[in-house]
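For reference, the structure is listed below as structure tokens.
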Amino acid sequence: MLTWQNSVFKLRIPSQNEMLSAGYTHAYLFHPPIVDPPRMLMTMLNEIKFHPKLVDMNIEMGEGYSSLKEMVEDAENLKCDAIINCTGLGAANICKDTTLIGGRGVLLHYDRSCARRETGSSDQELMRDAAILTEEGKWGSRTDPSYIIPRGDVFVVGGTYKEEDYEQGIRNEERKKIKQNAWDWGIDTERVDPIGEWTGFRPCRPNVRLEVDSTNSSADMKVVHSYGAGGSGWTIFAGIAKRSVDLLFSSEKSKD
């Protein structure tokens, strides 16, 4: 075992028979923290809403902004002195950022209590609900990853990663492939149907934009950009948020 492996929670290597029967020569099993995004977002929103120092909060989207200049003017009218721009894909239009593109992802949702198929596995650890992701082997690829994530009352099964594909619905062939993924990961799709489906667009960029905008900042207004994490938003959001606040309260200037 390598030194770093000691810091991974309940890391272990499955049996050779289990790996070979799945089409792999090596694999790791471990216990990761799983985020339930809807529940966590509501918790974070309520934490702000009921903060004793909160003066005002408005989460209504309205018509949206067409430019950064419009955003700055609106902030000035509201007597604000800072903006953290975390508009995701919207920054492509607001900031005229031509490097920002959508990475389309599609999911199917299954009830967590749905019927499971018999696997014949003797490994009790593998019979528990687990988050599984593969982008290699016979099941997945970079553009068509195969994964299942137990999240709250549902299983999230995916998926796709298609850059500059802006189809808003799930194509029939994609739905068929994800149902096969669900079957592979243990859901008895011959007896149960999905309870929902979802399409989203990751804000993909060569690098996360996390910097002070010296061009649009002034003595009375500081603009910090914080977007472009792609599919890693839930992985690195805490670090990005802390760095955004550091930039907001520092005297650091943009490198651009």
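Some points to look at:
- Identity of the residue in the stretch 163-175, exposed (fewer than 14 other Cβ atoms within 10 Å of the Cβ) and touching a Gly at 6+ places or on another chain (Cβ under 8 Å), that ends up farthest from Leu100 (Cα to Cα): Tyr166
- Checking Gly186, Gly169, Gly158 one by one, the residue that is of a type outside the set (A, V, I, L, M) and touching a helix residue (DSSP H, G or I) at 6+ places or on another chain (Cβ under 7 Å) is Gly158 and no other.
- The residue that is most open to solvent (accessible area, probe 1.4 Å), among those in the stretch 9-32 that are within 23 Å of Gly233 (Cα to Cα) and without any contact (Cβ under 8 Å) to a residue 40 or more places away in the chain, is Phe9.
- For first residues located in the stretch 98-110 and over 21 Å from Arg209 (Cβ atoms), partners that are of a type in the set (D, E, K, R) and outside any strand (DSSP E or B) and lie 6+ apart or on another chain with Cβ distances below 9 Å form the pairs Val106/Glu167; Val106/Arg171; Val106/Glu174; Val106/Arg175; Leu108/Arg175; Leu108/Lys179; Tyr110/Asp193.
- Here Asp193 meets each of (1) open to solvent by 80 Å² or more (accessible area, probe 1.4 Å); (2) closer than 18 Å to Ile34 by Cβ; (3) of a type outside the set (Val, Ile, Thr) with one exception, condition (2).
- Complete set of residues in the stretch 42-90 that are hydrophobic (A, V, I, L, M, F, W, C), under 25 Å from the mean Cα position of the chain (by Cα) and open to solvent by 100 Å² or more (accessible area, probe 1.4 Å): Met42, Ile59, Met61
- Test: residue in the stretch 176-183 that is surrounded by fewer than 13 Cβ atoms within 10 Å (Cβ to Cβ) and more than 29 Å from Cys80 (Cα to Cα): yes
- A single entry from Asp188, Asp153 fulfils the requirement of being farther than 20 Å from Pro203 by Cα, acidic (Asp, Glu) and open to solvent by less than 50 Å² (accessible area, probe 1.4 Å): Asp188.
- The one condition in (1) closer than 17 Å to Cys114 by Cβ; (2) touching a Ser or Thr at 6+ places or on another chain (Cβ under 9 Å); (3) not in a helix (DSSP H, G or I) that Asp193 fails to fulfil: (2)
- Verdict on Val35 being open to solvent by 100 Å² or more (accessible area, probe 1.4 Å), under 27 Å from Gly88 (Cα atoms) and either part of a helix (DSSP H, G or I) or out of contact with any Asp or Glu (no Cβ under 6 Å at 6 or more places or on another chain) (or both): no
- Filtered residues of the stretch 201-227 (kept if of a type in the set (Gly, Ala, Ser) and modelled with pLDDT of 95 or more): Ser226
- Output for the stretch 143-195, where each listed residue is more than 21 Å from Gly230 (Cα to Cα) and basic (Lys, Arg): Arg171, Arg175, Lys176, Lys177, Lys179, Arg191
- Residues of the stretch 92-100 include at least one that is modelled with pLDDT of 95 or more, open to solvent by less than 30 Å² (accessible area, probe 1.4 Å), in contact with a Gly (Cβ under 9 Å, 6 or more places away or on another chain) and not β-branched (Val, Ile, Thr).
- The stretch 131-170, residues that are of a type outside the set (Val, Ile, Thr) and over 24 Å from Asp193 (Cβ atoms): Glu135, Glu136, Gly137, Lys138, Ser141, Arg142, Tyr161, Lys162, Glu163, Glu164, Asp165, Tyr166
The values are calculated or read from the model by the stated rules, or taken from the named source; none is laboratory data. Here the structure is a predicted model, which is why all the values come from computation and not from measurement. Every residue, glycine as well, gets a Cβ built from its backbone with ideal geometry; the counts of neighbours run over all protein chains shown. Keep in mind that these areas ignore ligands, DNA and RNA; they rest on the heavy atoms of the full protein, side chains included. Shrake-Rupley method; radii C 1.70, N 1.55, O 1.52, S 1.80 Å.
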